[in-house]
1. Scan region 216-237 residue by residue and report those that are at pLDDT 90 or above, surrounded by fewer than 24 Cβ atoms within 10 Å (Cβ to Cβ) and out of contact with any strand residue (DSSP E or B) (no Cβ under 7 Å at 6 or more places or on another chain).
2. Looking for something closer than 25 Å to residue 230 by Cβ and either at pLDDT 90 or above or more than 25 Å from the chain's Cα centre (by Cα) (or both) - is there at least one such residue anywhere in region 514-532?
3. Looking for whichever is in a helix (DSSP H, G or I) and more than 30 Å from residue 524 (Cβ to Cβ) here; the options are 317, 285, 297. Which one fits?
4. Mind checking whether some residue in region 376-385 is crowded, with 24+ Cβ neighbours inside 10 Å, touching a strand residue (DSSP E or B) at 6+ places or on another chain (Cβ under 9 Å), touching a residue at least 24 places away in the same chain (Cβ under 8 Å) and in a helix (DSSP H, G or I)?
5. Within region 442-455, can one find any residue that is within 21 Å of the chain's Cα centre (by Cα), part of a helix (DSSP H, G or I) and touching a residue at least 24 places away in the same chain (Cβ under 8 Å)?
6. What number goes with the only condition from (1) surrounded by 15 or more Cβ atoms within 10 Å (Cβ to Cβ); (2) modelled with pLDDT under 95; (3) under 23 Å from residue 537 (Cα atoms) that residue 399 does not pass?
7. Quick one: residue 17 ticks every box in (1) part of a helix (DSSP H, G or I); (2) out of contact with any helix residue (DSSP H, G or I) (no Cβ under 8 Å at 6 or more places or on another chain) bar one, so which box is it?
8. Tell me, yes or no, whether region 145-165 has at least one residue that is under 18 Å from the mean Cα position of the chain (by Cα), more than 27 Å from residue 279 (Cβ to Cβ), crowded, with 24+ Cβ neighbours inside 10 Å and in contact (Cβ under 8 Å) with a residue 40 or more places away in the chain.
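The values are calculated or read from the model by the stated rules, or taken from the named source; none is laboratory data. The shown structure was predicted, so the numbers you read here are calculated from the model rather than taken from an experiment. Here the Cβ is made from the backbone with ideal geometry for all residues, glycine too, and neighbour counts use every protein chain on show.
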């Protein structure tokens, strides 16, 4: 590790947090309906859908509207992927995806997971990329932000049933937040060298005289929403490691900024909605703190290198550079990996399968902690608020008081629903992994023997249930078993989690908002931030440490012993 490397990390993080401050204020204004510069377009959508944006919805109506739009998105995307071989804008002549793969891909993009059991440049047409995948990149991200706004209103209001209007939230977030940011970022990526064209693939002659096909396409604007929406699905199979998706270090730094800025900003949006910006700052401090610690852990592990390679005569001075690109270097690889797995993005600018055991364990554990550090757009905030409720519950048990958060009494109903949501992740991850490790049809997909093979399977279901989308690349995922079960894990991780969260929001919104008293536990200072971080770590450690011990930790000690599988 070098001082210059840490300076790069500090600069990118500082710019991200600095941009999150005005963006958080702006999103709060959008949520309140105070941003109107596209009001005629907004009104057109309402008239076309027969929607009254001022009509509030209780948590059940809000949830049903959310489920309906996502179900329609799944059906449309599945049809496009199956029929892309006969649809237009297919210059490379790809055929329709199989039913298994189309199911997995459609579920993946609708749930903001963007897991890819295929390479985009050979398996998806331009129409599928733009009218199918890119559209869901916007809708799934807007859905997450809308849900976060609804949950935030539950803490700001008292004695009401309504959480807002889902259709209005979805429309406003898309029009006023995601689209403008994506357009500006897309033009920036074009200026940095990313292609944005509908031309056919190019053919180049190599120095040896052979012909090479150079894939092109409408890349830049897809990459923009891929990161802004914490979607992560790459236009090309190797994602941001491809020179057309990650042309240089500046583009990579901009991608890191894009995938973290909205999750950071939403913390401050929450503070403004509840009328106490300190509450948002406390949540932001926990998120940024975990990103810094995770980045340091990855940077240290990869800079230390692999003793097995050193014993073979490889110079250890540059650390473990297998699967990485000299254009980025270890600092930006470490920060990119920490933010993309902490932020539920899933994009990669290095091959995680080639990380050292401990370097690969960090992104795996970040996802297992609940994708709240900083989490996906919207999902990170409402996931963090679930942990905040558990934290004040623990604090209440320690001092013998009824737990309270932002003036709302936290009672048995809220805690039961919170635990139901939290237990979804380990149930889907550990359950599917356990079955897959003894099922011959699934074991045959594992590339490597020993603990690393276990880590490949564990990471796949962790990524799916955590709606992340990154992977240890050694796993052959395009099989009926994995396509189906990973798809089910994605659905559970998204919708089986958010429905109990909306039920919590509905319950809290109906409660009267009490004023703070002398015995009220402050939830805006370092003590609460430390307690919240501890609850997140303890829950994650208790649930997943045994599986991590059998996987990356066992592999680490095997590596130190000079052995390999």
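1. 236
2. To start, the set of residues in region 514-532 that are closer than 25 Å to residue 230 by Cβ comprises 529, 532.
This time we only want the ones that are either at pLDDT 90 or above or more than 25 Å from the chain's Cα centre (by Cα) (or both), so: 529, 532.
Within region 514-532, one or more residues are closer than 25 Å to residue 230 by Cβ and either at pLDDT 90 or above or more than 25 Å from the chain's Cα centre (by Cα) (or both).
3. On the way: 285 fails: more than 30 Å from residue 524 (Cβ to Cβ); 297 fails: more than 30 Å from residue 524 (Cβ to Cβ).
One residue alone meets the criteria, 317.
4. Within region 376-385, the first condition is being crowded, with 24+ Cβ neighbours inside 10 Å, and the residues that meet it are 376-385.
Next cut, touching a strand residue (DSSP E or B) at 6+ places or on another chain (Cβ under 9 Å) only: 385.
Cutting the leftovers down to touching a residue at least 24 places away in the same chain (Cβ under 8 Å) gives us 385.
So of that shortlist, the ones also in a helix (DSSP H, G or I) come out as 385.
Yes, region 376-385 contains a residue that is crowded, with 24+ Cβ neighbours inside 10 Å, touching a strand residue (DSSP E or B) at 6+ places or on another chain (Cβ under 9 Å), touching a residue at least 24 places away in the same chain (Cβ under 8 Å) and in a helix (DSSP H, G or I).
5. As a first pass, look at region 442-455 and keep what is within 21 Å of the chain's Cα centre (by Cα): 455.
Narrowing the set further to residues that are part of a helix (DSSP H, G or I) leaves 455.
Within this subset, residues satisfying the condition of being touching a residue at least 24 places away in the same chain (Cβ under 8 Å) are 455.
Yes, region 442-455 has at least one match.
6. Against the list (1) surrounded by 15 or more Cβ atoms within 10 Å (Cβ to Cβ); (2) modelled with pLDDT under 95; (3) under 23 Å from residue 537 (Cα atoms), residue 399 comes up short only on (1).
7. For residue 17, the failing item is (2).
8. Let us first name the residues in region 145-165 that are under 18 Å from the mean Cα position of the chain (by Cα), namely 145-149.
Cutting the leftovers down to more than 27 Å from residue 279 (Cβ to Cβ) gives us none.
The answer is no; no qualifying residue exists.
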